Amino acid sequence: MSTSAIAASQDSSASRATHTAAHSTTPSSPHWPAHLSPHLSIPGTNLFYNAEVSAARFPDKPFIYFYDTPVTFAQFKDEAERVAGYLQQHCGVKAGDRVLLYVQNSPQWVLAYYGILRANAVVVPVNPMNLTEELEHYVEDSGATTAFVAQELYPRIAPLAGEGEGKLQHLIVATYSDYLKNTPSSPPPEFVSAPRQVEGPGVVHWADVLAARCTPGPLTAGPDDLCVMPYTSGTTGKPKGCMHTHRSVMCTAVGGCNWFGSNQDAVQLSVLPFFHVTGMQGGMNSPLYNGSTIVILPRWDRDAAARAIEHYRINGWQAISTMVVDFISNPRIGEYDLSSLAWMRGGGATMPDAVVKKLRDLTGLEFVEGYGMSETMAATHINPPQNPKPQCLGIPVFDVDARIVDPITLEDVPEGEAGELIMSAPQVMLGYWGNAKATAEAFIERDGKRFLRTGDLVRRDAQGYYFMTDRLKRMINASGYKVWPAEVEALMYRHPAIKEVCIIGTQDAKRGETVKAVVVLDPKQFGSVNEDDIIAWAHENMAAYKAPRIVQFVDTLPKSGSGKILWRKLQEDEAAARA
């Protein structure tokens, strides 16, 4: 199904608008990389074509290393096509269908992603931290009937499988040890080395999918068909699917290669989660496009990362600030040869000055920060590699029309003043899946173009660099993960002892921000639960990064005359107390 048909069925006028920004011939900053044009020509192909090209160019070259087991480009293409054929012939997956991908970083994650695309279907990446109640929304909202799931995550998704509407009918279970063909030089975690263990209704094992050797039908999806739908939350509490086409995904995949000058001989550490758009683009889609090699780690481990850099002579890696802090704080870091590192970059949360200095002293490298959203399929702003600024979003990249407006009047603010960042760019999503109202609220028209409202308040300096000043949206940034208080509150209200709850952010030395719950208990429950009980319950019922680390019991919550909880007052009081 084409995106135009999907958009029409959702009655989304916004999704019918063009997403091609006017070609700019003027760099957005005097520090624009001299060797690059401000305009980027985006390939007009399905994303899977990148797998075909790299397999033809570099058939025997490793695309993936997973604990010393290589997957060559030719093998990758072959196995992704087998996955696609199985989806079509045994799971009934048709063009435009959504397929869940609920696996940690692994060869199977990448192969499943491209197998889904080869079947002309749409990838729905899911955070492996999500638990059953969170997963249920993804299944219901996307309409998926097939899911890829790692065996250690299977117990969470099994309750959602079965016959009938709104149920998953096919579960393809990935066992990571299927890709431990060679003896690893360093022992993998137990969950990676574990043998096949899962059996259940609707379960098919990854090895059996490949063994079926199904040949897929024609590749029909074009550049403007749906490709992937990462979910993002917001003020309404329910995650929303960001509709991205092959073209919008190709935009930042190709743009990243050009911006950083990456080529086919690069070796990259891919440890940022692939379900997140930064890891997906920088750690997977860009390397496949240019034929370079990735070394996959399923979870962050500072010693495993350092060993991999030394062993594979890794050139660079994307990271978030908490990873870098942990990496440079390792008392054993001097034991590893890190001399092959040529770059480190990332986003999600600003990198403190002290950490930047420690990294520079250790490696001689400057950390290059960027800015993007799920709605923009990763970066819209990146620091020029030759002249990065600390705690800076960077400058607008290829064909990004970025403006700063008053969030109330939506008029441009005077130069140097802070306002809301809005953007028109080829990497901006079509809209939110099945949610015309939220889509309409996310966009405005300006000068005949469609601009995304980011909800982030920024300022621009005289050299064209952008800096975050505040958030218009109510959001907490915990270790680079976006936590939306309304979603956490909706989950917290399921606890029988909670009468009212307000989620706010509070400063945290390691995470930057962390989640705090201000709770009013049901009077009948006084004395039956304490703060630690609430924290433990939250960790059992929602993803770990969302779960409150701090709980405060209060008698009442401040409210407006209409009865709305004054979350901003609680947030301001918390900030003042911390200060």
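The values are calculated or read from the model by the stated rules, or taken from the named source; none is laboratory data. Keep in mind that this is a model prediction, so the values were computed, not measured. Please note: Cβ atoms are built from the backbone with ideal geometry, for glycine as well, and neighbour counts cover all protein chains shown.
Residues that are in contact (Cβ under 8 Å) with a residue 40 or more places away in the chain, under 27 Å from residue 160 (Cα atoms) and loosely packed, with under 12 Cβ neighbours inside 10 Å occur in segment 177-199; there is at least one.
Of all residues in segment 31-47, at least one satisfies being within 21 Å of the chain's Cα centre (by Cα) and not in a strand (DSSP E or B). Among the residues of segment 537-566, the one identified as in contact with a His (Cβ under 7 Å, 6 or more places away or on another chain) and not aromatic (Phe, Trp, Tyr) is 547.
Here segment 265-278 is the region considered, the condition is being buried (at least 22 other Cβ atoms within 10 Å of the Cβ) and either aliphatic (A, V, I, L, M) or out of contact with any Gly (no Cβ under 8 Å at 6 or more places or on another chain) (or both), and the residue that is nearest to residue 64 (Cα to Cα) is 269.
Of 405, 400, all but one fail to be of a type in the set (A, V, I, L, M, F, W, C) and free of Cβ contacts under 8 Å to residues at least 24 places away in the same chain; the exception is 405.
Within segment 163-179, the presence of at least one residue that is under 30 Å from residue 443 (Cβ atoms), more than 23 Å from the chain's Cα centre (by Cα) and in a loop (DSSP other than H, G, I, E, B) is confirmed.
The lone criterion from (1) assigned to a loop (DSSP other than H, G, I, E, B); (2) among the β-branched types (Val, Ile, Thr); (3) farther than 30 Å from residue 41 by Cα left unmet by residue 506 is number (1).
For segment 455-472, what are the residues that are within 21 Å of residue 376 (Cβ to Cβ), out of contact with any Lys or Arg (no Cβ under 9 Å at 6 or more places or on another chain) and either modelled with pLDDT of 90 or more or surrounded by 17 or more Cβ atoms within 10 Å (Cβ to Cβ) (or both)? Within segment 455-472, 458, 459, 460, 464 qualify. Among strands (runs of 3 or more DSSP E) entirely within segment 418-493, having at least 3 residues that are closer than 27 Å to residue 144 by Cβ singles out 481-483. Residues that are of a type in the set (Asp, Glu) and either at pLDDT below 95 or part of a loop (DSSP other than H, G, I, E, B) (or both) were ranked within segment 114-154; the one that is farthest from residue 299 (Cα to Cα) is 133.
The set of residues in segment 111-147 that are surrounded by 22 or more Cβ atoms within 10 Å (Cβ to Cβ), within 14 Å of the chain's Cα centre (by Cα) and of a type in the set (A, V, I, L, M) comprises 123, 124, 126. Exactly one residue among 378, 402 is in contact with a helix residue (DSSP H, G or I) (Cβ under 7 Å, 6 or more places away or on another chain) and among the aliphatic types (A, V, I, L, M), and that residue is 378.
The set of residues in segment 538-563 that are free of Cβ contacts under 8 Å to residues at least 60 places away in the same chain, part of a helix (DSSP H, G or I) and in contact with a Lys or Arg (Cβ under 9 Å, 6 or more places away or on another chain) contains only 538.
Looking at the structure I just gave you, is residue 515 under 23 Å from the mean Cα position of the chain (by Cα) and either without any contact (Cβ under 8 Å) to a residue 12 or more places away in the chain or assigned to a strand (DSSP E or B) (or both)? Yes; evaluated as a whole, the condition is true for this residue. The set of residues in segment 400-417 being crowded, with 22+ Cβ neighbours inside 10 Å and in a loop (DSSP other than H, G, I, E, B) consists of 400 alone. Considering only residues in segment 530-571 that are surrounded by 15 or more Cβ atoms within 10 Å (Cβ to Cβ) and among the polar types (S, T, N, Q), the one that is farthest from the chain's Cα centre (by Cα) turns out to be 552. Candidates are the residues of segment 361-399 that are aromatic (Phe, Trp, Tyr) and farther than 19 Å from residue 242 by Cβ; the one that is surrounded by the most Cβ atoms within 10 Å (Cβ to Cβ) is 398. Of the residues making up segment 65-103, those that are crowded, with 24+ Cβ neighbours inside 10 Å, in a loop (DSSP other than H, G, I, E, B) and either within 24 Å of the chain's Cα centre (by Cα) or at pLDDT below 95 (or both) are 67, 103. Checked against (1) on the phi > 0 side of the Ramachandran plot; (2) at pLDDT below 95, residue 483 meets all criteria but (1).
Within segment 38-64, being of a type in the set (D, E, K, R) and surrounded by 17 or more Cβ atoms within 10 Å (Cβ to Cβ) holds for 52, 61. Considering only residues of segment 346-376 that are touching a Pro at 6+ places or on another chain (Cβ under 8 Å) and among the aliphatic types (A, V, I, L, M), which is farthest from residue 484 (Cα to Cα)? So, considering only residues that are touching a Pro at 6+ places or on another chain (Cβ under 8 Å) and among the aliphatic types (A, V, I, L, M), the one farthest from residue 484 (Cα to Cα) is 356.
Any chance segment 102-118 includes a residue that's over 30 Å from residue 314 (Cβ atoms) and not small (Gly, Ala, Ser)? Break it down stepwise before answering.
So the first thing to find is which residues in segment 102-118 are over 30 Å from residue 314 (Cβ atoms), and the list is none.
Checked against the condition, which is being over 30 Å from residue 314 (Cβ atoms) and not small (Gly, Ala, Ser), segment 102-118 yields no hits at all.
For segment 158-173, the condition of being of a type in the set (Asp, Glu) and surrounded by fewer than 18 Cβ atoms within 10 Å (Cβ to Cβ) holds for at least one residue.
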